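Have a look at the structure below, then the notes.
Derivation of every value follows stated rules applied to the coordinates shown; laboratory data play no part. Just so it is clear, the model here is predicted, and its values are computed rather than measured. Positions of Cβ are backbone-derived with ideal geometry, glycine not excepted, and every protein chain shown enters the neighbour counts.
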Amino acid sequence: MSKVVTKYVCQSCGYVSPRWVGKCPNCSEWNTFVEEAPAPVKVARRSGVQSKLEPVSIEDIDADDTPRIKTDIAEFDRVLGGGLVPGSLILLGGDPGIGKSTLMMQMALELKDQVVLYVTGEESARQIKLRAERLKAAGKNILILAETNLDLIIDVIERGEPGLIIVDSIQTMYRPGLESAPGSVSQVRESTALLLRLAKTRGIPIFVVGHVTKEGVIAGPRVIEHMVDTVLQFEGEAHYSYRVLRALKNRFGSTNEIGIFEMHDTGLREVQNPSEVFLSQRHYGASGSTVVASIEGTRPILVEVQALVTSTNYGMPQRNSTGFDFRRLALLLAVLEKRVGLNLGQQDVFVNIAGGIKIDEPAVDLGIASSIVSSLRDIPVDSTSVAVGEIGLGGEIRTIGYIEKRVQEAAKLGFKRIIVPSNNLKSVKSNGGIEIVGVDRIEKAIEALLG
Ligand code: TYD
Ligand code: MG
């Protein structure tokens with residue numbers, strides 16, 4: 001009699017280990033191993049029958065641009081690369097409560113000529129109805145199926161002709177043939193594979209919703225990222241109403257585009273002029289605030305960078321940053337100490353990107369540095385200026401990309417002056433009526449901004 005060999009599978013990345021380990025050697029996550037019974041392995045023998053499989057010449061393949069399905073949510077379509085591609089499998093990931101189900105429902109309500117099948121494993125049909133009512137849009141073409149057994153769901157799909165399927169969420173789905181619990185890596189992977197086949201063979205676009213949780217037993221959707229065509233991430237800060245939709249992977253479009261939404265009591269609303277929104281609550285004349293022109297995707301967005309520098313009360317100075325990389329802040333502080341001669345050893349430094357968005361491009365370095373200096377000296381930054389530039393370790397202001405777009409956006413919103421790296425000056429062709437000042441050193445940039 002053969003012994004049943006159990007294996008331990010990392011619920012984050014799918015790494016298999018013969019015994020339990022605390023830290024995954026593959027993805028370095030802690031406490032992610034769960035015992036799973038192996039599925040009975042059937043070894044298929046090669047039969048003598050010749051297969052009829054033939055490769056096709058690339059010239060004979062009909063690559064007619066399949067018409068994309070527009071969702072009527074412009075921000076959403078842009079992130080997808082111009083609408084939904086029939087037969088594509090799309091993963092929508094995000095923290096619990098960020099608004100994934102809301103986004104899916106809103107999209108379903110907007111799609112007027114497609115029958116949408118909304119498979120829900122988390123909420124009851126009544127809860128879904130209540131959400132739809134809250135969104136104040138009537139959609140007749142939405143079918144709700146509250147079920148988690150994927151085999152039954154596939155049967156329903158095959159009997160009907162949905163134009164689009166939403167599976168909310170993949171972690172609740174299970175295939176009865178597998179022994180492991182719903183949400184485990186093997187269930188999530190198997191369910192996704194099944195949905196992938198369905199999408200490809202029937203040409204139906206399928207959305208799969210997945211939670212991204214670091215801790216706990218739920219499988220991270222990372223294990224299925226390579227299987228799907230598109231990975232969308234919905235993110236935002238819990239205490240802000242802004243939500244950013246990002247494509248982390250897209251076989252049918254660019255991964256640079258982002259869509260910005262705002263959560264209201266009647267659902268998500270598109271934000272068409274992000275700069276105006278992010279600058280609307282600016283506090284003029286206060287120290288520690290600089291406007292920067294950041295590029296999100298291919299779009300320029302003006303945001304306010306705030307800093308607060310106060311003397312330390314309890315020995316260890318604190319450093320804190322919201323919306324900006326903490327290590328990059330430490331580096332900028334070191335540069336400011338060494339090259340500008342600031343004494344920050346006994347100062348607490350807090351940095352915040354207003355509006356709750358995250359920025360991770362170095363072009364905002366100059367804005368962060370100028371806000372810090374402004375707060376420390378309690379001198380406001382010129383409120384009619386925008387600052388962009390990466391700061392090098394030597395205190396030099398380094399060249400950045402998309403300078404023209406940043407200049408245009410600043411001019412469009414009525415700013416008088418933009419401080420840019422001097423090496424970027426030659427690539428700006430038209431100034432759109434704004435004064436452009438080139439700087440090559442951090443000291444000069446601070447002088448230009450703080451006077
Ligand atoms: P939900 O879509 O259920 O999140 P997810 O599916 O990602 O877990 O939305 C969760 C939050 O959104 C919830 O806290 C309530 C809020 N919300 C609004 O503020 N306005 C609305 O119109 C809706 C439907 C939800
Ligand atoms: Mg949900």
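Between I379 and E161, the FRET efficiency from the beta-carbon distance, with R0 = 60 Å, is close to 0.35. Axis angle, to the nearest 10 degrees, between helix 150-159 and the longest C-alpha principal axis of the chain: 80 degrees. Listed by chain and number, the lysines whose C-alpha is less than 16 Å from the C-alpha of K426, apart from same-chain residues fewer than 8 away, are K405. With respect to the cross-link table entries K7/K249; K70/K200; K7/K200, which display a Cα-Cα separation exceeding 29 Å? In this structure, K7/K249; K7/K200 lie more than 29 Å apart at Cα. Among residues other than P162 with Cβ under 15 Å from its Cβ, the summed charge is -2 (Lys and Arg +1, Asp and Glu -1).
Please give the FRET efficiency for K140 paired with N256, using the beta carbon to beta carbon distance and R0 = 30 Å, rounded to the nearest 0.05. Show your work: numbers first, answer last.
Values: r = 36 Å, r/R0 = 1.21.
Calculated value: 0.25.
Where does each of E36, E337 land when they are ranked from fewest to most other beta-carbon atoms within 10 angstrom?
Details: E36 20, E337 13.
Least crowded to most crowded, the residues run E337, E36.
In terms of other Cβ atoms within 10 Å, M316, M107 run from fewest to most in the order M316, M107. Within the straight-line cut-off of under 13 Å between alpha carbons, the aspartates and glutamates reachable from K412 are E276, E404, E435, sequence neighbours fewer than 8 places apart in one chain being disregarded. Three principal axis extents of the chain based on alpha-carbon atoms, in descending order, are 81, 52, 51 Å. Once the Cα atoms are used to define both axes, helix 326-335 deviates from the longest principal axis of the chain by about 20 degrees. On the beta carbon distance between D113 and A238, with R0 = 41 Å, the FRET formula returns roughly 0.70.
Between the Cα long axis of helix 403-412 and the first principal axis of the chain there is an angle of about 70°, rounded to the nearest 10.
Taking amide hydrogens as placed 1.01 Å from N in the peptide plane, the amide H of E435 sits under 5 Å from those of R417, I418, each at least 5 positions away in sequence or on another chain.
Counting every other Cβ atom within 10 Å of each residue's Cβ, T120, T312, T290 order from fewest to most as T312, T120, T290.
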